[in-house]
Amino acid sequence: MTFADHIDVFYGRVTHSSAQVYVRVSSLVGGGEWSIAGHVRGPVARGVRTLPATVALTDLGEGATLLASCAIPDPAFWTTQLPGVYELHIDLRRDGEVVETIVRTLGIRFFGASGRHFLWEGKRWVLRGVSTQVSDVEEIDAFQDNAGVIVVKDPTESLLSRASFSGVLLVAELTSGDLLQELRRLSHWPASAIAILPSECDVTKELRAAVPNLLFAERIDLSTAIAPADWTQVVFCDETNQQQLRDALTQMPLPIVAERRLNGGYTLKEARRECDHLQRDLAPLGDFAGYIVQM
(Lines give C-alpha, C1' and ligand atoms only; values in the text may rest on other atoms or scores of the structure.)
Protein backbone atom coordinates (compact mmCIF):
# COMPACT_ATOMS: atom_id res chain seq x y z
CA MET A 1 0.00 0.00 0.00
CA THR A 2 1.28 3.47 -0.86
CA PHE A 3 0.25 6.54 1.12
CA ALA A 4 1.48 9.15 -1.37
CA ASP A 5 -2.04 9.79 -2.70
CA HIS A 6 -3.35 10.39 0.82
CA ILE A 7 -0.75 12.93 1.96
CA ASP A 8 -1.73 16.60 2.02
CA VAL A 9 0.98 19.25 2.33
CA PHE A 10 -0.26 22.76 3.04
CA TYR A 11 0.43 25.93 5.00
CA GLY A 12 -1.71 27.62 7.62
CA ARG A 13 -1.09 30.96 9.30
CA VAL A 14 1.39 33.01 7.28
CA THR A 15 3.11 36.27 8.27
CA HIS A 16 6.34 37.90 7.15
CA SER A 17 8.06 36.45 10.21
CA SER A 18 6.68 32.90 10.21
CA ALA A 19 4.75 30.33 8.17
CA GLN A 20 3.14 27.24 9.65
CA VAL A 21 3.51 24.19 7.39
CA TYR A 22 1.51 20.98 7.83
CA VAL A 23 1.75 17.40 6.58
CA ARG A 24 -1.39 15.28 6.92
CA VAL A 25 -2.19 11.65 6.09
CA SER A 26 -5.95 11.67 5.72
CA SER A 27 -6.31 7.87 5.81
CA LEU A 28 -4.61 7.42 9.22
CA VAL A 29 -5.51 8.45 12.76
CA GLY A 30 -2.95 10.34 14.81
CA GLY A 31 -1.52 9.12 18.08
CA GLY A 32 -1.33 5.40 17.43
CA GLU A 33 1.26 3.19 15.81
CA TRP A 34 1.80 5.63 12.95
CA SER A 35 3.80 8.86 13.06
CA ILE A 36 5.35 11.43 10.74
CA ALA A 37 8.97 12.58 10.80
CA GLY A 38 11.17 14.44 8.34
CA HIS A 39 12.08 18.02 7.56
CA VAL A 40 11.45 21.06 5.37
CA ARG A 41 14.37 22.65 3.54
CA GLY A 42 14.47 25.86 1.54
CA PRO A 43 13.94 28.21 -0.07
CA VAL A 44 15.38 27.26 -3.45
CA ALA A 45 14.85 29.21 -6.68
CA ARG A 46 16.30 28.39 -10.09
CA GLY A 47 19.08 30.72 -11.11
CA VAL A 48 19.14 32.47 -7.73
CA ARG A 49 21.61 31.90 -4.90
CA THR A 50 19.76 31.40 -1.62
CA LEU A 51 20.66 30.39 1.94
CA PRO A 52 18.44 27.37 2.57
CA ALA A 53 17.47 26.48 6.12
CA THR A 54 16.28 23.11 7.44
CA VAL A 55 13.38 22.80 9.91
CA ALA A 56 12.29 19.48 11.43
CA LEU A 57 8.70 18.27 11.25
CA THR A 58 7.03 17.46 14.58
CA ASP A 59 4.33 14.82 14.83
CA LEU A 60 1.28 16.33 16.58
CA GLY A 61 0.08 13.11 18.21
CA GLU A 62 -3.54 12.17 18.84
CA GLY A 63 -6.11 13.49 16.42
CA ALA A 64 -8.68 12.64 13.77
CA THR A 65 -5.90 12.37 11.18
CA LEU A 66 -2.15 11.81 11.28
CA LEU A 67 -0.65 15.29 11.33
CA ALA A 68 2.78 16.89 11.64
CA SER A 69 3.83 20.53 11.55
CA CYS A 70 6.71 22.98 11.67
CA ALA A 71 7.13 26.76 11.72
CA ILE A 72 9.38 28.26 9.05
CA PRO A 73 10.98 31.48 10.31
CA ASP A 74 11.22 34.45 7.94
CA PRO A 75 9.62 32.55 5.04
CA ALA A 76 10.44 33.34 1.42
CA PHE A 77 7.18 33.57 -0.48
CA TRP A 78 6.53 32.14 -3.92
CA THR A 79 6.01 35.13 -6.22
CA THR A 80 6.08 35.66 -9.97
CA GLN A 81 9.31 37.64 -9.60
CA LEU A 82 11.01 35.13 -7.28
CA PRO A 83 9.36 31.68 -7.35
CA GLY A 84 11.11 30.21 -4.32
CA VAL A 85 10.06 26.76 -3.12
CA TYR A 86 10.61 24.50 -0.12
CA GLU A 87 11.29 20.78 -0.32
CA LEU A 88 9.67 18.47 2.21
CA HIS A 89 11.18 15.08 3.05
CA ILE A 90 8.41 13.13 4.75
CA ASP A 91 9.05 9.85 6.58
CA LEU A 92 5.92 7.87 7.37
CA ARG A 93 6.72 5.59 10.31
CA ARG A 94 4.98 2.62 11.86
CA ASP A 95 6.15 1.73 15.36
CA GLY A 96 9.24 3.83 14.74
CA GLU A 97 10.23 2.12 11.49
CA VAL A 98 10.17 4.08 8.22
CA VAL A 99 7.54 2.54 5.94
CA GLU A 100 7.53 5.12 3.16
CA THR A 101 9.43 8.30 2.28
CA ILE A 102 7.77 10.97 0.16
CA VAL A 103 9.34 14.14 -1.24
CA ARG A 104 7.07 17.10 -1.97
CA THR A 105 7.59 20.68 -3.12
CA LEU A 106 5.75 23.56 -1.48
CA GLY A 107 5.50 27.19 -2.49
CA ILE A 108 4.14 29.54 0.17
CA ARG A 109 1.95 32.18 -1.48
CA PHE A 110 0.86 35.22 0.52
CA PHE A 111 -2.24 35.26 -1.68
CA GLY A 112 -5.99 35.07 -1.10
CA ALA A 113 -9.36 36.72 -1.50
CA SER A 114 -11.01 39.29 0.72
CA GLY A 115 -14.47 40.62 -0.07
CA ARG A 116 -14.59 41.47 -3.78
CA HIS A 117 -10.82 41.59 -4.29
CA PHE A 118 -7.68 39.48 -4.40
CA LEU A 119 -4.85 40.22 -2.00
CA TRP A 120 -1.17 39.46 -2.56
CA GLU A 121 1.21 40.13 0.33
CA GLY A 122 -1.50 42.12 2.04
CA LYS A 123 -2.15 44.48 -0.88
CA ARG A 124 -4.93 44.52 -3.43
CA TRP A 125 -3.92 42.62 -6.56
CA VAL A 126 -5.75 42.55 -9.92
CA LEU A 127 -5.72 39.28 -11.87
CA ARG A 128 -4.94 39.79 -15.57
CA GLY A 129 -4.32 36.96 -17.97
CA VAL A 130 -5.06 34.69 -20.88
CA SER A 131 -7.21 31.59 -21.20
CA THR A 132 -5.57 29.20 -23.64
CA GLN A 133 -4.82 25.58 -24.43
CA VAL A 134 -1.07 25.66 -23.89
CA SER A 135 0.50 22.51 -25.32
CA ASP A 136 4.15 23.57 -25.42
CA VAL A 137 5.70 24.22 -22.02
CA GLU A 138 8.29 26.47 -23.71
CA GLU A 139 5.52 29.05 -24.13
CA ILE A 140 5.57 29.56 -20.37
CA ASP A 141 9.01 31.13 -20.57
CA ALA A 142 7.85 33.58 -23.25
CA PHE A 143 4.99 34.63 -20.95
CA GLN A 144 7.11 34.85 -17.82
CA ASP A 145 7.80 38.60 -17.87
CA ASN A 146 4.26 39.69 -18.77
CA ALA A 147 2.89 39.81 -15.21
CA GLY A 148 -0.04 37.69 -16.28
CA VAL A 149 -1.97 34.58 -15.33
CA ILE A 150 -2.64 31.64 -17.62
CA VAL A 151 -6.02 29.88 -17.46
CA VAL A 152 -5.84 26.34 -18.79
CA LYS A 153 -8.07 23.25 -18.74
CA ASP A 154 -6.75 20.16 -16.96
CA PRO A 155 -3.09 21.24 -16.95
CA THR A 156 -0.43 18.59 -17.46
CA GLU A 157 2.27 17.85 -14.90
CA SER A 158 4.91 19.29 -17.21
CA LEU A 159 3.00 22.56 -17.52
CA LEU A 160 2.42 22.79 -13.76
CA SER A 161 6.11 22.14 -13.11
CA ARG A 162 7.35 24.66 -15.68
CA ALA A 163 4.98 27.37 -14.43
CA SER A 164 5.89 26.73 -10.78
CA PHE A 165 9.62 27.11 -11.34
CA SER A 166 9.25 29.96 -13.87
CA GLY A 167 6.95 32.11 -11.74
CA VAL A 168 3.76 32.03 -13.83
CA LEU A 169 0.51 31.84 -11.88
CA LEU A 170 -2.04 29.32 -13.19
CA VAL A 171 -5.81 29.06 -12.97
CA ALA A 172 -6.74 25.42 -13.62
CA GLU A 173 -10.16 24.59 -15.02
CA LEU A 174 -10.98 21.00 -14.07
CA THR A 175 -13.22 19.12 -16.49
CA SER A 176 -12.35 15.44 -15.99
CA GLY A 177 -11.02 12.88 -13.54
CA ASP A 178 -11.63 12.31 -9.85
CA LEU A 179 -12.17 15.78 -8.36
CA LEU A 180 -10.38 15.14 -5.06
CA GLN A 181 -7.36 13.56 -6.70
CA GLU A 182 -7.15 16.31 -9.33
CA LEU A 183 -7.28 19.01 -6.66
CA ARG A 184 -4.60 17.21 -4.69
CA ARG A 185 -2.50 17.01 -7.84
CA LEU A 186 -2.84 20.76 -8.37
CA SER A 187 -1.94 21.47 -4.75
CA HIS A 188 1.49 19.85 -5.28
CA TRP A 189 2.51 22.80 -7.47
CA PRO A 190 3.09 26.39 -6.25
CA ALA A 191 1.82 27.90 -9.51
CA SER A 192 -1.70 26.55 -8.84
CA ALA A 193 -3.64 29.25 -7.04
CA ILE A 194 -7.23 28.96 -8.30
CA ALA A 195 -9.26 25.98 -9.51
CA ILE A 196 -12.39 26.49 -11.64
CA LEU A 197 -14.80 23.67 -10.78
CA PRO A 198 -17.96 22.48 -12.57
CA SER A 199 -21.02 24.20 -11.12
CA GLU A 200 -22.73 20.89 -10.42
CA CYS A 201 -19.90 19.35 -8.41
CA ASP A 202 -20.36 18.43 -4.75
CA VAL A 203 -17.71 20.13 -2.64
CA THR A 204 -17.70 18.46 0.77
CA LYS A 205 -16.01 19.72 3.92
CA GLU A 206 -13.49 16.90 3.58
CA LEU A 207 -12.61 17.97 0.03
CA ARG A 208 -12.30 21.62 1.04
CA ALA A 209 -10.05 20.66 3.94
CA ALA A 210 -7.77 18.58 1.70
CA VAL A 211 -6.63 21.61 -0.34
CA PRO A 212 -6.96 24.69 1.90
CA ASN A 213 -4.47 26.76 -0.12
CA LEU A 214 -6.51 26.65 -3.36
CA LEU A 215 -9.31 29.11 -4.11
CA PHE A 216 -12.41 27.47 -5.63
CA ALA A 217 -13.92 29.33 -8.59
CA GLU A 218 -17.05 28.89 -10.66
CA ARG A 219 -17.89 30.08 -14.16
CA ILE A 220 -21.35 31.71 -14.05
CA ASP A 221 -23.72 32.34 -16.97
CA LEU A 222 -25.20 35.70 -15.99
CA SER A 223 -28.09 35.35 -18.47
CA THR A 224 -29.56 32.54 -16.35
CA ALA A 225 -29.32 34.59 -13.15
CA ILE A 226 -27.97 31.55 -11.28
CA ALA A 227 -26.45 32.35 -7.89
CA PRO A 228 -22.99 30.97 -7.17
CA ALA A 229 -22.71 27.66 -5.34
CA ASP A 230 -22.11 27.85 -1.60
CA TRP A 231 -18.52 26.67 -2.08
CA THR A 232 -17.65 29.39 -4.62
CA GLN A 233 -14.91 31.83 -3.61
CA VAL A 234 -14.28 33.44 -7.03
CA VAL A 235 -16.64 34.02 -9.99
CA PHE A 236 -15.65 34.04 -13.67
CA CYS A 237 -18.22 35.46 -16.11
CA ASP A 238 -18.49 36.71 -19.70
CA GLU A 239 -18.39 40.48 -20.28
CA THR A 240 -20.72 40.54 -23.32
CA ASN A 241 -23.84 41.82 -21.54
CA GLN A 242 -22.51 44.75 -19.59
CA GLN A 243 -25.76 45.49 -17.76
CA GLN A 244 -25.75 41.97 -16.33
CA LEU A 245 -22.09 42.39 -15.51
CA ARG A 246 -22.79 45.66 -13.68
CA ASP A 247 -25.56 43.96 -11.68
CA ALA A 248 -23.27 41.09 -10.76
CA LEU A 249 -20.62 43.50 -9.58
CA THR A 250 -23.03 45.11 -7.13
CA GLN A 251 -24.89 41.96 -6.02
CA MET A 252 -22.18 39.30 -5.64
CA PRO A 253 -19.94 39.77 -2.57
CA LEU A 254 -17.14 37.81 -4.23
CA PRO A 255 -14.18 38.58 -6.51
CA ILE A 256 -15.49 38.70 -10.09
CA VAL A 257 -13.21 38.03 -13.05
CA ALA A 258 -14.55 39.35 -16.37
CA GLU A 259 -13.79 37.33 -19.52
CA ARG A 260 -13.72 38.31 -23.20
CA ARG A 261 -13.35 35.94 -26.16
CA LEU A 262 -10.87 37.05 -28.82
CA ASN A 263 -11.33 36.50 -32.54
CA GLY A 264 -8.33 35.77 -34.73
CA GLY A 265 -4.86 34.49 -34.05
CA TYR A 266 -2.88 35.84 -31.12
CA THR A 267 0.34 34.91 -29.40
CA LEU A 268 0.28 34.75 -25.61
CA LYS A 269 2.03 38.12 -25.39
CA GLU A 270 -0.43 39.75 -27.82
CA ALA A 271 -3.38 38.31 -25.94
CA ARG A 272 -1.98 39.62 -22.67
CA ARG A 273 -2.02 43.15 -24.12
CA GLU A 274 -5.67 42.67 -25.10
CA CYS A 275 -6.39 41.95 -21.44
CA ASP A 276 -5.36 45.51 -20.62
CA HIS A 277 -7.79 46.76 -23.27
CA LEU A 278 -10.57 44.75 -21.59
CA GLN A 279 -9.84 46.41 -18.27
CA ARG A 280 -9.94 49.83 -19.92
CA ASP A 281 -13.26 49.06 -21.64
CA LEU A 282 -14.91 47.90 -18.41
CA ALA A 283 -13.63 50.76 -16.27
CA PRO A 284 -16.96 52.67 -16.49
CA LEU A 285 -18.72 49.71 -14.84
CA GLY A 286 -16.42 49.62 -11.83
CA ASP A 287 -13.40 47.73 -10.54
CA PHE A 288 -13.34 43.99 -11.13
CA ALA A 289 -11.08 41.53 -9.33
CA GLY A 290 -9.64 40.37 -12.62
CA TYR A 291 -9.72 40.40 -16.41
CA ILE A 292 -9.19 37.39 -18.72
CA VAL A 293 -9.17 37.13 -22.51
CA GLN A 294 -9.91 33.78 -24.14
CA MET A 295 -7.83 32.77 -27.15
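The values are calculated or read from the model by the stated rules, or taken from the named source; none is laboratory data. Because the structure is predicted, anything quoted here is derived from the model rather than measured. Because the Cβ atoms are built from the backbone with ideal geometry, glycine has one as well, and the counts that use them run over all protein chains shown.
Scanning segment 248-261 for residues that are surrounded by 14 or more Cβ atoms within 10 Å (Cβ to Cβ) and modelled with pLDDT under 95 gives Ala248, Leu249, Met252.
Could we say that Ser131 is buried (at least 21 other Cβ atoms within 10 Å of the Cβ), of a type outside the set (D, E, K, R) and modelled with pLDDT of 90 or more here? Yes, satisfied. Asp247 - would you say it is within 24 Å of Phe143 (Cβ to Cβ) and either of a type in the set (Phe, Trp, Tyr) or part of a helix (DSSP H, G or I) (or both)? No, not satisfied. Among residues of segment 1-19 that are outside any strand (DSSP E or B), none has a Cβ under 6 angstrom from a residue that is exposed (fewer than 14 other Cβ atoms within 10 Å of the Cβ) and of a type in the set (Val, Ile, Thr) at a sequence gap of 6+ or on a separate chain. Determine, yes or no, whether Pro52 is under 21 Å from Gly167 (Cα atoms) and free of Cβ contacts under 8 Å to residues at least 12 places away in the same chain. Taking the combined requirement at face value, the residue satisfies it. Taking Val149 as the residue in question, decide whether it is over 26 Å from Arg24 (Cβ atoms) and either in contact (Cβ under 8 Å) with a residue 40 or more places away in the chain or assigned by TED's automatic domain parsing to the domain that holds Val235 (or both). Yes.
Just one of the listed residues (Thr267, Thr250, Thr240) is under 14 Å from Gly148 (Cβ atoms) and hydroxyl-bearing (Ser, Thr, Tyr), and it is Thr267.
Listed residues Thr50, Thr58, Thr54, Thr15; which is in contact with a Gly (Cβ under 8 Å, 6 or more places away or on another chain) and on the phi < 0 side of the Ramachandran plot?
After ruling out the rest, the residue left standing is Thr50.
For residues in segment 26-59 being within 25 Å of the chain's Cα centre (by Cα), at pLDDT below 95 and among the aliphatic types (A, V, I, L, M), which is surrounded by the most Cβ atoms within 10 Å (Cβ to Cβ)? So the residue we want is Ala45.
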